[in-house]
Amino acid sequence: MARKNIGFEVAEECFAEYGINVKEAIDAALEIPVSVHCWQGDDVGGFENMDGGLDGGIAVTGNYPGKARTPEELRADFEQVLSYLPGKTRIYLHAMYAEPVGGISPDRDQVSYGNFKNWVEWANKAGVGIDFNPTFFAHPKASDGWPLANRDKGIRDFWVEHGLRCREIAAEIGTKTGSSVLNNFWTPDGSKDTPADRLAPRDRLMDSLDRMFKEKYDAAKTVDSVECKLFGMGCESYTAGSHEYYMGYAITRGKLLCLDAGHFHPTELISEKISAVLKFIPEIALHVSRGVRWDSDHVVTLNDELNAIAQEIVWNGLTSRVRIGLDYFDASINRIAAWAIGARNMRKALLFALLTPYKKIREAENAGDNTLRFALQEEYRTLPFGVVWDYVCASTEKCTGQEFIDSYKGYEKNVLSKR
Ligand code: RNT
Ligand code: ZN
C-alpha cells in the first residue's frame, strides 16, 4: 500500500488544470454499482452436474488448473476477487448455480428460492447485492438450440416454467437482500442455416415471453431485462431474439433491454447505442464483454470501447438508468486474475470517464471549435490517471501493481493449485 500518495498531489494539480476535482470524481466512481458475474469462476459450469457441457452458442476455451468445483469454492474465489475490487459491487448469479437442497439437485422447472438461500446469506454477509439470470441453455431440453421458441409446446412449457420460477426467486432474493434484483433473460433460440420461416419462431418466442412475464413484480424487488443477440456458434444464420425484436419487446412490455457488447456485428459498438435506446426505454442493462472476431466473451480490457461505454453513462448523467453487469469467461488464464482484472477495468473506465474534462470538450463542440475538441480529446488520455487509480486502491485497501500480481499468484499457489 506504500504507493498511496506517490504523485497524488501532483496528479490532483494536473486534473485541476482542467477544472476536475479528483476526490469528488473518486467518490462518484466508487458509488456506481457493477454486477460481477459468478460464471467466470467455473467456466459457466454451474452445480447441476449435467454431462452435456456448455451449449447455446457460447463456449469457454482453456483448461487452466484450479477451477471452482463447489458452491463453497466458488464463493471463496469470489471473496478473493472482491478483495481486489474497490467500489460498490454486486454478484450476478445464473439459475444453473442452484444448490441442491436435501441432496436433491432441481431440474430447471423445479428451481426455487431454497436453492439460492446460501447465496443470499453469503451476499448479505459480504455486503453485496445480487442480480440473476434464468439459464435457458446447457440442458438436454435446449440442446437443439430452441428453448422458448421450440415447435414442441411441451418444451416451451418447461422453459416458461423455468422463467416463472426464476422471477419468483429473483423477487425473493430482492426481498431478502433489500436490493432490487436485475433478472436478465437471454435465450439462444436460433438456427445454424438459413431458415424457411423467420416469423413463426418469433411468434412462439413472443408467446412464451408473454406467459413468463404475465405477473407484475414490485420493481424495488426485481426488474426483468431481455438480452438481444445477432448470432452465436451454431445459430449463425438466424436469432429469433434480435436487437429489433427485443427493443420492441422491451418498449411495449416495460422491460429493460440488455445490450451485450459481443452481440452485434463486429464493428457495431454498444457505447453508440446507449443514448439512442434510452430515448425510448427508461432503464437498460449492459453485459460488458469483449468479443474478438465473434461473441467470444474475452476478458474486458481498458480499451477505447470500454472507456466509451463508461463515458456515455457518466457524461450523460445516466448512472441511475443503466445497470452495469459483466459477462466474460476465459479458462485459459488464472480465473481469479481474469475475473478481477476485467472487473477492475470496468471500475477504472468509470473513474477515467469522471476524470475526463468532458465539460470543456463539450463546450468546445458547442462553440463549433472542433480543433479544440480534438486537442482536449487527445490531451486527457495522458493525464496521470494511473496515479489516481493507485491512490484509490490504497485508500480502499485493495492492492495494485506488483502487490496485486503477488496476491493472485499467492492464491493460486495456496488454494487453486491444491484443487
Ligand atoms: C450469451 C449471452 C449470455 C451469457 C450468460 C452466461 O451470448 O451473452 O448473457 O453469456 O448468460
Ligand atoms: Zn450476455
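The values are calculated or read from the model by the stated rules, or taken from the named source; none is laboratory data. Because the structure is a prediction, the values reported are computed rather than measured. Reconstructed Cβ throughout: ideal geometry from the backbone, glycine too, with neighbour counts over all protein chains shown. Heavy atoms of the whole protein, side chains included, go into the accessibility calculation; ligands, DNA and RNA do not. Shrake-Rupley method; radii C 1.70, N 1.55, O 1.52, S 1.80 Å.
Observations, loosely collected:
- The slack in the chain from residue 10 to residue 381, taken as 0.36 nm per residue of separation less the alpha-carbon distance, amounts to 131.9 nm.
- Cα-based equivalent ellipsoid of the stretch 289-340: semi-axis lengths in Å, sorted from largest, via gyration tensor: 24, 12, 10
- 0 to 90° range, to nearest 10: angle between helix 304-315 axis and the chain longest Cα axis: 80 degrees
- Of all aspartates and glutamates in the structure, the ones whose alpha carbon falls short of 19 Å from that of residue 398, not counting any fewer than 8 places away in one chain, are 27, 31, 77, 79, 390, 406, 412.
- The GNM of the chain, with springs linking C-alpha atoms under 10 angstrom apart, assigns the highest mean-square fluctuation among 52, 114, 190 to 52.
- Long-range HN-HN contacts of residue 224 with modeled amide H, under 5 Å: 183, 256
- Computed from backbone phi with θ = phi - 60° and the Karplus coefficients 6.51, -1.76 and 1.60, the 3J(HN,Hα) list for the stretch 370-383 is 6, 5, 5, 4, 5, 4, 5, 4, 8, 4, 5, 4, 9, 5 Hz; x is used for glycine and proline.
- Rounded, prolate or oblate (a/c below 1.5 giving rounded, otherwise prolate when a/b exceeds b/c) for the stretch 73-150 by Cα gyration tensor: prolate
- Between the helical axis of 401-414 and the longest alpha-carbon principal axis of the chain there is an angle of about 40 degrees.
- Residues whose amide H lies under 5 Å from that of residue 297, counting only those 5 or more places away or on a different chain, are 290, 291, 292; hydrogens are built 1.01 Å from N in the peptide plane.
- Stretchable slack from residue 23 to residue 105, in nm (0.36 nm times residue separation minus alpha-carbon distance): 24.7 nm
- Spatially, the stretch 318-340 and the stretch 143-202 are offset by 23 Å when compared through their Cα centroids.
- Residue with peak Gaussian network fluctuation, the chain [Cα springs, cutoff 10 Å], from 295, 260, 218: 218
- Positive minus negative residues near residue 18 (Lys, Arg vs Asp, Glu; Cβ under 11 Å): -1
- The chain - accessible surface per residue (Å², probe 1.4 Å): 43 Å²
- Helix 243-253 axis versus longest C-alpha principal axis of the chain: approximately 80°, rounded to the nearest ten.
- Based on Cα contacts under 8 Å between residues 6+ apart, the chain shows a relative contact order of 22 percent.
- The lysine pair tally for the stretch 204-346, using Cα distances under 17 Å and a gap of 8 or more places or different chains, is 7.
- Extension gain, residue 396 to residue 50: 0.36 nm times the residue separation minus the Cα-Cα distance gives 120.5 nm.
- Inter-site label distance for residue 219 and residue 413 at 7 Å from Cα along Cβ, in nm: 5.1 nm
- Helical runs assigned H by DSSP (4 residues or longer) give the chain a calculated mean residue ellipticity at 222 nm of -12500 deg cm²/dmol, each run adding -39500 (n - 2.57) before division by the residue total.
- Expressed to the nearest 5 percent, the antiparallel share of DSSP beta bridges inside the chain is 20 percent.
- Scattering profile of the stretch 59-209 at q = 0.10, 0.11, 0.17 Å⁻¹ [log10 I(q)/I(0), Debye over alpha-carbon scatterers]: -0.42, -0.51, -1.04
- Packing rank of 40-48, 27-35, where each peptide gets the mean count of other beta carbons within 10 Å, highest leading: 40-48, 27-35
- Enclosed volume per residue, in Å³, of the convex hull spanned by Cα atoms of the chain: 142 Å³
- Trypsin sites (Lys or Arg not before Pro) restricted to DSSP loop in the stretch 142-250 with at most 12 other C-beta within 10 Å: 151, 214, 216
- Set of lysines near residue 67 by C-alpha distance (under 22 Å), chain-local residues within fewer than 8 positions excluded: 409, 413, 418
- Restricting the stretch 252-340 to trypsin sites (Lys or Arg not before Pro) that sit in a DSSP loop and have at most 11 other Cβ atoms within 10 Å of their own Cβ leaves 279, 293.
- The stretch 92-223, accessible surface, carbon-and-sulfur percent (1.4 angstrom probe): 50 percent
- Distance-filtered residues of the stretch 144-181 - backbone nitrogen under 18 Å, label point 7 angstrom along residue 125 Cα→Cβ: 176-178
- Simple spin-label estimate for residue 72 and residue 175 in nanometres, 7 Å along Cα-Cβ: 3.0 nm
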